[in-house]
1. Residue 13: surrounded by 11 or more Cβ atoms within 10 Å (Cβ to Cβ) and either at pLDDT 95 or above or among the aromatic types (Phe, Trp, Tyr) (or both), yes or no?
2. Pairs please, first residue from region 298-311 and in contact (Cβ under 8 Å) with a residue 40 or more places away in the chain, second anywhere and in a loop (DSSP other than H, G, I, E, B), Cβ atoms under 6 Å, 6+ apart in sequence or on different chains.
3. Of all the residues that make up region 166-193, how many are in contact with a strand residue (DSSP E or B) (Cβ under 9 Å, 6 or more places away or on another chain) and modelled with pLDDT of 75 or more?
4. Evaluate region 114-123: report whether one residue or more is under 23 Å from residue 138 (Cα atoms) and hydroxyl-bearing (Ser, Thr, Tyr).
5. Just one of the numbered conditions (1) within 25 Å of residue 42 (Cβ to Cβ); (2) assigned to a loop (DSSP other than H, G, I, E, B) is not true of residue 251; which one?
6. Filter region 21-71 down to the residues that are farther than 21 Å from residue 128 by Cα, in a loop (DSSP other than H, G, I, E, B), touching a residue at least 24 places away in the same chain (Cβ under 8 Å) and not hydrophobic (A, V, I, L, M, F, W, C) and list them by number.
7. Could you list all residues from region 70-115 that are closer than 22 Å to residue 163 by Cβ and of a type in the set (A, V, I, L, M)?
8. Can you name the residue in region 218-233 that is in contact (Cβ under 8 Å) with a residue 40 or more places away in the chain and not small (Gly, Ala, Ser) and, of all such residues, is farthest from residue 197 (Cα to Cα)?
Amino acid sequence: MKKSLLTLAIFVVTPFGFASGPIDGKVYGKANLSVVSQDFGTYDEWALNSNASRLGIKGKTEIYQGLEIVYQAEYEVCIDSGDCKGQTFKQRNTFAGIKGGFGMVWAGKHDTPTKLSQKKIDLFNDLEGDMKNTFEGENRLSNVIGYNSPTINGFTASVAMIPAEGEDVDQDGQNDTSLNDGMSYSISYSKDKMYLAISGDQDIDKQDLIRLVGQYQIDALKLGVMYQQNEDNLGTKDESGYFASAAYTLDKNITLKAQYGAIEDDVDGDEEQTLSLGADYKLAKNTKLFAFYTDNTDSKVGSSDDDFSAIGIGMEHKF
């Protein structure tokens, strides 16, 4: 029995770590845990959080010269409790595609081009200060068919279409059957230490949206800014807002971070704000300690503000 189990273990592990020939894949992941004191306004609590910890496999297989099959299967692993909203493994970006000199065509479950266009200006991604808690447009969708162009003179374009498969994707009250019931796109430009992007959604998560992003690094200082407008297809929301971040590296191990964002609804005057401050300390190439403070405010006309704040420490290890 023990020999059978050992043989099975070798069979499972070998393709991922030791295979030779046309298979080129690797197992990767990230463990991110934080201990957080959270204040919800009416009560407060301590929590141990697993912040989008994940496990995945990705790779490529050359089928002709200059033409590859690419693949990725990635899942969130909630290492604090083992329960990812009722699932042991919660699917993240998972896709298969064909890549060549023409770019890449792919299909699966994936972040939209609009979400990816913000690059890494969100310095507190996956934590309580994540911009998704304030801004629309941070979507990961199922049944996506996408295309990423090759980089030409610093320019790259991406487009993703979402067939409805008989569902009400744009939530207009009708079950849709066309190939493109929702669309997301981005066009970006990178040169040296500068990054610029324009992106948008049409009928994604009830929203029509446009986003402008810029990032620039000046020596040890990296600055990021975003402007966004979005409105829902029910006429109940028409928002515009901005987001800015700054990261300063004191030395090769310590990075100080700050970001602020605000968005206002022109329909009812409601406003949301987010502020985060923090620091990272690099223990090794793939390991860091971090500390942060976040304050999120939801201001509604005619009622008291809905406040949330959090202060925490944590560790991240990538493998």
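The values are calculated or read from the model by the stated rules, or taken from the named source; none is laboratory data. Bear in mind the structure is a predicted one, so any value in this text is a computation, not a measurement. Here the Cβ is made from the backbone with ideal geometry for all residues, glycine too, and neighbour counts use every protein chain on show.
1. The answer is no for residue 13.
2. Close Cβ pairs (under 6 Å, with a partner that is in a loop (DSSP other than H, G, I, E, B)) amount to 307/41; 308/40; 310/128.
3. The number of residues fulfilling the criteria is 14.
4. Looking for residues that are under 23 Å from residue 138 (Cα atoms) and hydroxyl-bearing (Ser, Thr, Tyr), one finds at least one in region 114-123, hence yes.
5. (1) is the only condition that residue 251 fails.
6. Selection gives 22, 66.
7. Within region 70-115, 70, 73, 96, 98, 104, 105, 107 qualify.
8. 233
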